[in-house]
Every structure is written in C-alpha cells, then in structure tokens.
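Any read-out appearing in this document is the output of simple, stated calculations on the displayed coordinates, not a laboratory observation. Quantities reported herein were computed from a predicted structural model and do not represent experimental measurements. As a convention, Cβ positions derive from the backbone with ideal geometry for all residues, glycine included, and neighbour counts pool all protein chains shown.
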Amino acid sequence: MKYNYNGVPLDDSVHLIPKGAKKISEAEFFRMITPETAPDRDELLAEFVRRVNAETDAAILTGFEWHGRKFYLSVANQLNYQRDFELRHALAYPYLVRSADGFARIDSAADLFEFYNSIRNHIQKQVVKAVDRKAAAAALTADELKEVLNV
C-alpha cells in the first residue's frame, strides 16, 4: 500500500507506516515521488510542432471546398482523386465525385483537371502555412513558446 504522511510518500513494502498516514493511490504516490520539472525549450518546441501538425492535418482533411462543396481529403480519397486525374481522358462524363454533402458533377476532363489542381493547391497552401509557423516558432524563446502554448 502507498501512504502520505505529512506530504511524505511512503510505501509499506519499504517503510514503517506511522499512525495518521493516509492511504493514497498508486497514481498519487507516483506524482509525489516524481519531481515536477518545467519543460525545456526543446520540449516546448516539440509540443508546438505536434499541435501545428495536428491542425494542418485537420485543415487538409476537412477544409477543402470546390465550387461551394466541401470534400473530405482522407489519404484514400486523395489517392482516388489522383487516380481519377490520371485517367481523366478515359473517363465517361459527366462524372460524379462524392462530396461531404452529396455529389459534385464534373462535366469534362478540364473540370477534373481544375478539381484535382484545386486539391493540390489546398494541400500545398496548408503545408506552407505549417512550415512558416514552425520556422517562426523555432526563433522563439522558451518563455515565448509557453505563452503561445498557454502553458
């Protein structure tokens, strides 16, 4: 069993437990014996990069619109759109592409070319924004990163 005696963590397999010691959970015992250390600059920067990557993934995945319709750009969908693009001259038109709220109609190979290039531009724009944010963060101090991360 684990105990707390006046702020001192005790383990009954190692210590004699004085009267008045309170039983505590394993998790609480671990928190008491593990010193809290402030994250260093590299850890803060890694957390910032992780957050930017997650935000970028979300923006790529759900932020694409074409002709007023939203499209879900999962990796599988991106591969399907690439395949459609590569086969655009062999497809029968009109061609339907699933959107978040139904289907979008593509009437020609030129329309499919525009659709696919819009996807590529959207992804590239999100990646460039992420790279710029990471580069700017690399110049920040630990205190500035804490402020940006709200930690």
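Tilt of helix 75-86 relative to the longest C-alpha principal axis of the chain, in degrees (0 to 90, nearest 10)? Orientation of helix 75-86: about 20 degrees from the principal axis.
The helix-based estimate of mean residue ellipticity at 222 nm for the chain, built from -39,500 (n - 2.57) per DSSP H run of four or more residues and divided by its residue count, is -17500 deg cm²/dmol to the nearest 500. Lysine pair count for the chain (Cα-Cα distance under 17 Å; residues 8 or more apart in sequence or on different chains): 6. Compared with the dominant principal axis of the Cα atoms in the chain, helix 109-138 is inclined by about 30°. Sorted ascending by nearby beta carbons within 10 Å, beginning with the fewest, VAL49, VAL75 become VAL75, VAL49. So how far, in whole Å, is the C-alpha centre of the range 116-141 from the one of the range 71-100? If you average the Cα positions of each part, the centres end up 24 Å apart.
Here TYR95, TYR5 are placed in order of increasing Cβ neighbour count within 10 Å, fewest first, which gives TYR5, TYR95.
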